[in-house]
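K.L.:
Handing you this structure, nothing more for now.
The values are calculated or read from the model by the stated rules, or taken from the named source; none is laboratory data. Note that the structure is predicted; figures quoted are calculated from it, not measured. As a convention, Cβ positions derive from the backbone with ideal geometry for all residues, glycine included, and neighbour counts pool all protein chains shown. These area figures cover heavy atoms from the full protein model, side chains too; ligands, DNA and RNA do not enter into them. Shrake-Rupley method; radii C 1.70, N 1.55, O 1.52, S 1.80 Å.
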Amino acid sequence: MSMIIERLAVIGVGLIGGSFARALREAGTVGAIVGIDTDRSNLEQALSLGIVDEIAPDAAQGVRDAQVVFVSVPVCAIPAVVREIAPFLPAGCIVSDGGSVKTAVVQECEALMPPGCAFVGGHPIAGTEHSGAGAAFASLFNGKRCILTPTRDTDAGACDTMARLWRSAGANVCSMEPGHHDRIFAEISHLPHVVAYALVHAVGTADVEGENVLSYTAGGFRDFTRIASSDPVMWRDIALMNRTALLASIDGFSASLAELRQRIDRSDPAGLAEFFTIAKQFRDGIL
Ligand code: NAP
């Protein structure tokens with residue numbers, strides 16, 4: 001593929017930022033990549049793995065000649081990072097992010113852009129429960145969606161450049177309004193993580209005649225709770241940033257669980273079979 005941008009700055013060279021850098025390098029769509037990260041040892045690992053070509057001494061210097069700055073830090077930190085770099089952005093620079101929550105991030109970051117620079121919100125729908133540069137790999141986004149969340153004010157050319165970059169990284173790009181994104185992902189991503197954390201928390205603290213019940217876990221429990229091994233700071237931020245939509249999803253789930261509880265409580269075989277059958281049909285339908 002031919003080069004799309006000559007210089008990319010990645011702030012937060014972890015799983016997502018590092019994988020984006022690796023994918024673009026493999027596709028040949030970026031020239032030089034500079035890394036910025038608060039975790040010095042992570043940054044040095046990114047350099048030694050060839051994910052970035054250079055380490056910037058600070059964010060201001062790192063973004064100086066960049067055509068695109070990709071911010072991939074926990075969502076609550078994204079606006080503060082963009083505020084810090086805004087005075088140092090070169091003319092025409094595009095700032096984008098990979099954060100899992102969009103409304104607040106896009107609103108704040110768009111307002112921080114100096115004249116001539118553009119912010120494009122983004123969220124790759126790919127990941128693992130691992131963190132850091134060492135967990136990054138080039139094929140992470142292959143065949144996965146990447147959602148861009150432009151607003152009425154987003155520069156169309158900047159959005160097009162980000163779409164081309166993500167496509168070159170292997171992603172299928174689509175666009176939607178930030179609020180719509182947050183309500184969808186509250187249901188299909190943020191709620192499952194909260195439920196997995198709550199389940200492991202409940203079982204981990206359960207006392208069954210003094211036994212450590214977790215020592216009896218097998219495939220089902222482990223499959224269901226894999227995502228509870230995700231980074232707690234990342235998920236703290238997502239829960240806080242998408243609070244309203246997530247609370248609505250938790251309420252919907254609580255109602256569903258209460259309904260299931262009632263059917264068990266009244267020993268209702270037909271009601272239980274119906275409930276489980278409907279859920280199984282939904283689940284089978286997505287496979
Ligand atoms: P990660 O692997 O933990 O990498 C984030 C890196 O950013 C860490 O090295 C972290 O250092 C650093 N950092 C934190 N605050 C910073 C700051 N203010 N300035 C510079 N560097 C900073 O995280 P990730 O999984 O790639 O997630 C990054 C973003 O992608 C998040 O917004 C997340 O919502 C989004 N996302 C994640 C996934 C997923 O499955 N992981 C999927 C889609 C989107 P410290 O460790 O010292 O904090």
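K.L.:
For the range 74-98: of the residues being within 13 Å of the ligand (Cβ to nearest atom) and without any contact (Cβ under 8 Å) to a residue 60 or more places away in the chain, which is nearest to the chain's Cα centre (by Cα)? So that I can check it myself, show each step before the final result.
P.N.:
Filtering the range 74-98 down to residues within 13 Å of the ligand (Cβ to nearest atom) leaves 74-85, 96-98.
The next check asks that each one be without any contact (Cβ under 8 Å) to a residue 60 or more places away in the chain; those that pass are 78-80, 82-84, 97.
Details: Ile78: 12, Pro79: 15, Ala80: 17, Val82: 17, Arg83: 20, Glu84: 21, Asp97: 9 Å.
Looking at residues that are within 13 Å of the ligand (Cβ to nearest atom) and without any contact (Cβ under 8 Å) to a residue 60 or more places away in the chain, I get Asp97.
K.L.:
On to the next question. Of the numbered conditions (1) outside any helix (DSSP H, G or I); (2) at pLDDT 95 or above; (3) on the phi < 0 side of the Ramachandran plot, Ser267 fails exactly one; give the number of that condition.
P.N.:
Here Ser267 clears every test but (3).
K.L.:
Considering only the range 63-73, I want to know if a residue exists there that is open to solvent by 70 Å² or more (accessible area, probe 1.4 Å), more than 20 Å from Ala171 (Cβ to Cβ) and within 12 Å of the ligand (Cβ to nearest atom).
P.N.:
Taking the range 63-73 as the starting set, the residues that turn out to be open to solvent by 70 Å² or more (accessible area, probe 1.4 Å) are 64-65, 67.
In the following step, the residues that additionally are more than 20 Å from Ala171 (Cβ to Cβ) were identified as 64-65.
Still in the list and also within 12 Å of the ligand (Cβ to nearest atom): none.
Scanning the range 63-73 turns up no residue that is open to solvent by 70 Å² or more (accessible area, probe 1.4 Å), more than 20 Å from Ala171 (Cβ to Cβ) and within 12 Å of the ligand (Cβ to nearest atom).
K.L.:
Identify all residues within the range 38-62 that are open to solvent by 40 Å² or more (accessible area, probe 1.4 Å) and either within 11 Å of the ligand (Cβ to nearest atom) or under 21 Å from the mean Cα position of the chain (by Cα) (or both); write none if there are none.
P.N.:
Thr38, Asp39, Arg40, Ser41, Gln45, Asp58
Conditions (1) open to solvent by 60 Å² or more (accessible area, probe 1.4 Å); (2) more than 22 Å from Leu15 (Cα to Cα); (3) assigned to a strand (DSSP E or B), marked per residue:
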| residue | (1), (2), (3) |
| --- | --- |
| Val194 | no, no, no |
| Tyr197 | yes, no, no |
| Phe221 | no, yes, no |
| Asp251 | yes, yes, no |
| Gly271 | no, yes, no |
| Thr277 | yes, yes, no |
| Lys280 | yes, yes, no |
| Arg283 | yes, yes, no |
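K.L.:
Here's another thing I want to ask about it. Anything in the range 176-190 that is buried (at least 19 other Cβ atoms within 10 Å of the Cβ) and touching a helix residue (DSSP H, G or I) at 6+ places or on another chain (Cβ under 7 Å)? List them, or say none.
P.N.:
Selection gives Pro178, Asp182, Ala186, His190.
K.L.:
Of the numbered conditions (1) open to solvent by less than 40 Å² (accessible area, probe 1.4 Å); (2) farther than 18 Å from Ala126 by Cβ; (3) in contact (Cβ under 8 Å) with a residue 40 or more places away in the chain, Ser19 satisfies every one except a single condition; which is it?
P.N.:
Unmet for Ser19, out of (1) open to solvent by less than 40 Å² (accessible area, probe 1.4 Å); (2) farther than 18 Å from Ala126 by Cβ; (3) in contact (Cβ under 8 Å) with a residue 40 or more places away in the chain: (2).
K.L.:
Out of contact with any Cys (no Cβ under 9 Å at 6 or more places or on another chain), more than 17 Å from Gly17 (Cβ to Cβ) and surrounded by fewer than 22 Cβ atoms within 10 Å (Cβ to Cβ): does that describe Arg83? Full working, then the answer.
P.N.:
Working: out of contact with any Cys (no Cβ under 9 Å at 6 or more places or on another chain): no; more than 17 Å from Gly17 (Cβ to Cβ): yes; surrounded by fewer than 22 Cβ atoms within 10 Å (Cβ to Cβ): yes.
Spelling it out, it is not the case that Arg83 is out of contact with any Cys (no Cβ under 9 Å at 6 or more places or on another chain), more than 17 Å from Gly17 (Cβ to Cβ) and surrounded by fewer than 22 Cβ atoms within 10 Å (Cβ to Cβ).
K.L.:
Take Gly170 and tell me if it is more than 9 Å from the ligand (Cβ to nearest atom), small (Gly, Ala, Ser) and closer than 21 Å to Val13 by Cα. Walk me through it before giving the result.
P.N.:
Working: more than 9 Å from the ligand (Cβ to nearest atom): yes; small (Gly, Ala, Ser): yes; closer than 21 Å to Val13 by Cα: yes.
So Gly170 passes the test.
K.L.:
Any residue at all in the range 108-118 that is in the same structural domain as Ala136 (by TED's automatic domain parsing), within 16 Å of Asp182 (Cβ to Cβ), more than 11 Å from the ligand (Cβ to nearest atom) and open to solvent by 30 Å² or more (accessible area, probe 1.4 Å)? Can you show your working first?
P.N.:
Residues of the range 108-118 in the same structural domain as Ala136 (by TED's automatic domain parsing): 108-118.
Right, trim to within 16 Å of Asp182 (Cβ to Cβ) and you get 108-110.
Checking which are more than 11 Å from the ligand (Cβ to nearest atom) leaves us with 108-110.
Checking which are open to solvent by 30 Å² or more (accessible area, probe 1.4 Å) leaves us with 108, 110.
The answer is yes, given that some residue of the range 108-118 is in the same structural domain as Ala136 (by TED's automatic domain parsing), within 16 Å of Asp182 (Cβ to Cβ), more than 11 Å from the ligand (Cβ to nearest atom) and open to solvent by 30 Å² or more (accessible area, probe 1.4 Å).
K.L.:
Here's another thing I want to ask about it. Enumerate the pairs (first residue in the range 129-148 and open to solvent by 80 Å² or more (accessible area, probe 1.4 Å); second residue anywhere and assigned to a helix (DSSP H, G or I)) with beta-carbon separation below 7 Å, excluding pairs fewer than 6 apart on the same chain, so at least 6 apart or on different chains.
P.N.:
His130/Leu15
K.L.:
I've got another one for you. Run Met1 past the list (1) modelled with pLDDT of 95 or more; (2) open to solvent by 70 Å² or more (accessible area, probe 1.4 Å) and report the number of the one that doesn't hold.
P.N.:
So Met1 meets the others, but not (1).
K.L.:
Follow-up. Given (1) in contact with a Phe, Trp or Tyr (Cβ under 8 Å, 6 or more places away or on another chain); (2) β-branched (Val, Ile, Thr); (3) assigned to a loop (DSSP other than H, G, I, E, B), where does Thr128 come up short, assuming only one miss?
P.N.:
Of (1) in contact with a Phe, Trp or Tyr (Cβ under 8 Å, 6 or more places away or on another chain); (2) β-branched (Val, Ile, Thr); (3) assigned to a loop (DSSP other than H, G, I, E, B), only one is false for Thr128: (1).
K.L.:
Here's a follow-up. Does Ile33 fit the bill of being touching a residue at least 40 places away in the same chain (Cβ under 8 Å), under 22 Å from the mean Cα position of the chain (by Cα) and open to solvent by less than 20 Å² (accessible area, probe 1.4 Å)? I'd like the intermediate steps shown before the answer.
P.N.:
On the way: touching a residue at least 40 places away in the same chain (Cβ under 8 Å): no; under 22 Å from the mean Cα position of the chain (by Cα): yes; open to solvent by less than 20 Å² (accessible area, probe 1.4 Å): yes.
So Ile33 does not fit the description; no.
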